[in-house]
Ligand code: GTP
Ligand code: MG
């Protein structure tokens, strides 16, 4: 059904900035003392894509290891899985690739898969050319954002919503 909410789930290592991105997008604020998420929380956002009103239901999951077993429950019926890493921390990109494998093996339908490199305001310590190539080969959308400055946050969600809508 066109008007049912579109479920988007943010997943990724702890501290990469998932909650910060969601707060920037929903409320246009940044909290430097953002606490680690417990379990998961969701937010809704109304958007207009080519004259059509759509509702996003955005799930912000916990990245800490102790919650790892819960994560599939959140992404299993999602329209889009947004896998977030921190461009300043290469380990979080390696983690993102492992998560992507999990998502692909646990989701039966074809979700819009997105890789999102956050903290673009800090020094970039990952190989962006390699990442772009990886995304192209695996049919992933790729965005660089900063929840701190707000750079590219709105635009990324808009593009994801457009892709969900055209799916
Ligand atoms: P979990 O809930 O544990 O999975 O973590 P998370 O991915 O939700 O990370 P969170 O949003 O809590 O952010 C972790 C820390 O990174 C906080 O201190 C944020 O202020 C900081 N942070 C988040 N986004 C950015 C960003 O774009 N730039 C910078 N410099 N810091 C950021
Ligand atoms: Mg969080």
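A short reminder: the numbers here are calculations on the coordinates, not readings from a lab. None of these values were measured; they are calculated from a predicted model. Cβ placement follows ideal geometry from the backbone for every residue including glycine, while neighbour counts extend to all protein chains displayed.
For region 1-29, residues that are more than 21 Å from residue 88 (Cα to Cα), within 16 Å of ligand 1 (Cβ to nearest atom) and out of contact with any helix residue (DSSP H, G or I) (no Cβ under 7 Å at 6 or more places or on another chain) total 3. Residue selection: residue 132 fails the criterion of being under 16 Å from residue 21 (Cβ atoms) and either under 15 Å from the mean Cα position of the chain (by Cα) or away from ligand 1 (no atom under 16 Å from the Cβ) (or both). Among residues of region 150-167 being in contact (Cβ under 8 Å) with a residue 40 or more places away in the chain and part of a loop (DSSP other than H, G, I, E, B), the one that is nearest to residue 44 (Cα to Cα) is 150. Scanning region 30-73 for residues that are out of contact with any helix residue (DSSP H, G or I) (no Cβ under 9 Å at 6 or more places or on another chain), within 16 Å of residue 96 (Cα to Cα) and buried (at least 16 other Cβ atoms within 10 Å of the Cβ) turns up just one, 67.
Would you pick out the residues in region 152-161 that are more than 16 Å from ligand 2 (Cβ to nearest atom) and buried (at least 16 other Cβ atoms within 10 Å of the Cβ)? Once the filter is applied, which keeps residues that are more than 16 Å from ligand 2 (Cβ to nearest atom) and buried (at least 16 other Cβ atoms within 10 Å of the Cβ), region 152-161 yields 152, 156, 157, 160, 161. I'd like the residue in region 83-110 that is assigned to a helix (DSSP H, G or I) and touching a residue at least 60 places away in the same chain (Cβ under 8 Å) and, out of all such residues, is farthest from residue 73 (Cα to Cα). Top of the filtered list is 91. Determine if region 17-33 includes at least one residue that is over 16 Å from the mean Cα position of the chain (by Cα) and over 24 Å from residue 155 (Cα atoms). Looking for residues that are over 16 Å from the mean Cα position of the chain (by Cα) and over 24 Å from residue 155 (Cα atoms), one finds at least one in region 17-33, hence yes.
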